[in-house]
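The values are calculated or read from the model by the stated rules, or taken from the named source; none is laboratory data. This one's a predicted model, so the numbers in the text were calculated from it and none came from an experiment. Cβ sites come from the backbone with ideal geometry, for glycine too, and all protein chains shown count toward neighbours.
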């Protein structure tokens, strides 16, 4: 996890150090800075959403909604992955908004329906019976299409409501966008894939690390797997540690 944010890395390190080797947060950041380990995010702006279509667009149901337990809100999105010889693969993700756990994913060669539908099938297969779920996504044609909507409506043992963004503002699907950014910035952008199967094997390992090893400041510095067993509001641990006038380093989606 060589692109892990400095605060998360500090927490992991100090838990494993003997007491006489304890290092404080500021000293740890200085150590990272002195050795060139405070990195800036690499930014890309590929287009994976086509909102110009004739399908019905559902209302945004989550503007004032905060989940208090797992399986209340799933967020979906698609991001691109660099493949071999200049090609792209497309990663469909579904994330539980409460725990930030990736509940399903599928990597495909095109932006056609198969990727999102396969990810949705996996997510729905894990949905507890009787769950009252909101499925939220952007207005992309994949999520508005008949096969995808029909699959959401076909689950008899759960109450599923459909929610969609109303404009192009990424903040309307912020958690999904954030997960995409973490996976790519901290792992995938540094990988070179030989084939689709090679990419699937390695991204499976990335999803495992994300879910089981990486602490998240948005869920009390727990891993998503740990948070998935919790109930009730989870306190965010987002903080700003720089002083006014200091040069700020950008990493993990925020300034350090």
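Here are the numbers for the structure shown:
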quantity: Pick from region 141-157, criterion assigned to a helix (DSSP H, G or I) and out of contact with any strand residue (DSSP E or B) (no Cβ under 8 Å at 6 or more places or on another chain), ranking: surrounded by the most Cβ atoms within 10 Å (Cβ to Cβ); calculated: 148
quantity: Members of region 67-99 that are farther than 19 Å from residue 124 by Cβ and touching a strand residue (DSSP E or B) at 6+ places or on another chain (Cβ under 7 Å); calculated: 79, 80, 81, 82, 83, 88, 89, 90
quantity: Residue check for residue 92: modelled with pLDDT of 95 or more and surrounded by 15 or more Cβ atoms within 10 Å (Cβ to Cβ); calculated: yes
quantity: Pairs with Cβ under 7 Å, 6+ apart, first in region 191-206 and farther than 20 Å from residue 181 by Cα, second at pLDDT below 95 and part of a helix (DSSP H, G or I); calculated: 194/84; 195/84
quantity: Complete set of residues in region 87-115 that are part of a strand (DSSP E or B), closer than 23 Å to residue 215 by Cβ and in contact (Cβ under 8 Å) with a residue 24 or more places away in the chain; calculated: 91, 93, 94, 95, 96, 102, 103, 105
quantity: Boolean, residue 61 is touching a strand residue (DSSP E or B) at 6+ places or on another chain (Cβ under 8 Å), at pLDDT 95 or above and not assigned by TED's automatic domain parsing to the domain that holds residue 211; calculated: yes
quantity: Any hit, region 131-140, residues being surrounded by fewer than 16 Cβ atoms within 10 Å (Cβ to Cβ) and more than 18 Å from residue 75 (Cβ to Cβ); calculated: no
quantity: Filtered residues of region 158-167 (kept if more than 18 Å from the chain's Cα centre (by Cα) and in a loop (DSSP other than H, G, I, E, B)); calculated: 158, 166, 167
quantity: Number of positions in region 160-195 that are modelled with pLDDT of 95 or more, loosely packed, with under 15 Cβ neighbours inside 10 Å and under 25 Å from residue 125 (Cα atoms); calculated: 0
quantity: Only listed residue being under 19 Å from residue 174 (Cα atoms) and touching a strand residue (DSSP E or B) at 6+ places or on another chain (Cβ under 8 Å), chosen from 107, 111, 127, 133; calculated: 133
quantity: Any hit, region 146-157, residues being farther than 21 Å from residue 115 by Cα and more than 21 Å from the chain's Cα centre (by Cα); calculated: yes
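Yes/no per residue for (1) outside any strand (DSSP E or B); (2) modelled with pLDDT of 95 or more; (3) in contact with a helix residue (DSSP H, G or I) (Cβ under 8 Å, 6 or more places away or on another chain); (4) loosely packed, with under 13 Cβ neighbours inside 10 Å:
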| position | (1), (2), (3), (4) |
| --- | --- |
| 7 | yes, no, yes, no |
| 10 | yes, no, yes, no |
| 26 | yes, no, no, yes |
| 29 | yes, no, yes, no |
| 32 | yes, no, yes, no |
| 43 | yes, no, no, yes |
| 49 | yes, no, no, no |
| 81 | no, no, yes, no |
| 85 | yes, no, no, yes |
